[in-house]
Amino acid sequence: MPKLILAPSILSADFTRLGEELAACESAGADWIHIDVMDGHFVPNISMGPFIVEACKRATKLPLDVHLMIEKPERHIEAFAKAGASHIIVHIEACPHIHRALQHIQSLGCKAGVALNPGTPVGAIEAVLGDADQILVMSVNPGYSGQKFIPSTVAKVKEVRKKLNALKSSARIEVDGGIDVETLPKMKKAGADVFVAATAVFKHPKGTKAGIQSLQAKLRST
Ligand code: DX5
Ligand code: ZN
């Protein structure tokens, strides 16, 4: 079984201390850093762009997992790769030419991921299940951190895992939205192997390091 990955999403980090937040994640045992890019069109919120990815690249050695929640993501793939992204994820709902987008990401030396919203059926990504390096199953509607986990997405993860197994694919299944010590074990059992969390890490009452440690403990013990 591949290593289970914990990827804190900096969307809930304290941006006045971003370097310190990244250092806390790294020293407490985070595996990747998840960066949520929002354009105010594909999702209602606006967040960050390549400039922040480039700053993170200088501040941490951890792989940068860049989640593009933007319309026409093809136009920005190169800028994020240049800024230091290790993985670039595009949404199927925003990307009609999905093979081209994934190939473009891979040609720039990055891992390519495809994401699907909670309302999008697994069938929508069927044609690229054998091509993507990561499948991101959203467990909230994208746009904000701190939202309530949607329980029906557990079955969706199971469905994706079954299809990947049938293809003998080693693609990772990433889950994102409402992941905490309660929901993480359910998603792990369903077959996810990358766990994104913003609130459970950066808003942990005992601080960022404690947030990482409590999720890592769940990853190992359940
Ligand atoms: C949601 C983003 C998530 C978000 C997760 O649009 O893609 O990565 O930051 O936040 P939590 O863990 O608080 O649900
Ligand atoms: Zn995300």
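Here are the numbers for this structure:
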| item | result |
| --- | --- |
| Over the range 128-214, relative contact order from alpha-carbon pairs under 8 Å, at least 6 apart, % | 30 percent |
| Portion, in percent, of the accessible area of the range 149-208 that falls on carbon or sulfur, probe 1.4 Å | 56 percent |
| The range 117-197, accessible area per residue, ligands and nucleic acids excluded (1.4 Å, Å²) | 43 Å² |
| Gyration tensor verdict on the range 1-84 (Cα atoms; rounded if a/c is under 1.5, prolate if a/b is larger than b/c, oblate otherwise) | prolate |
| Shape call, the range 74-197: gyration tensor on alpha carbons, a/c limit 1.5 | prolate |
| Heavy-atom accessible surface of the range 1-107: percent carbon and sulfur, 1.4 Å | 56 percent |
| Over 19 Å between alpha carbons, listed pairs Lys61/Lys206; Lys3/Lys168; Lys162/Lys186; Lys163/Lys189; Lys57/Lys82; Lys57/Lys206 | Lys61/Lys206; Lys57/Lys206 |
| Accessible area per residue in Å² at 1.4 Å probe, computed on the range 1-99 | 43 Å² |
| Cα gyration tensor, the range 128-222 - rounded (a/c under 1.5), prolate or oblate | prolate |
| Signed unit charges on C-beta, dipole axis of the range 136-196, positive-most listed residue Gly143, Val181, Leu164 | Leu164 |
| Net charge dipole size for the chain [Lys, Arg +1 and Asp, Glu -1 on Cβ; Debye, nearest 20] | 700 debye |
| The chain: relative contact order in percent, alpha carbon pairs under 8 Å with at least 6 residues between | 21 percent |
| Computed E for Ala155/Lys206 - FRET, C-beta separation, R0 45 angstrom, nearest 0.05 | 0.85 |
| Longest DSSP-loop-exposure-free segment, trypsin sites (Lys or Arg not before Pro), the chain, at most 12 other Cβ within 10 Å | 62-147 |
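The values are calculated or read from the model by the stated rules, or taken from the named source; none is laboratory data. Remember, predicted model here, so these are calculated numbers, not experimental data. Ideal geometry is used to build each Cβ from the backbone, glycine not excepted, and the neighbour counts take in all protein chains shown. Accessible surface is based on the protein model in full, side chains and every heavy atom, while ligands, DNA and RNA are left aside. Shrake-Rupley method; radii C 1.70, N 1.55, O 1.52, S 1.80 Å.
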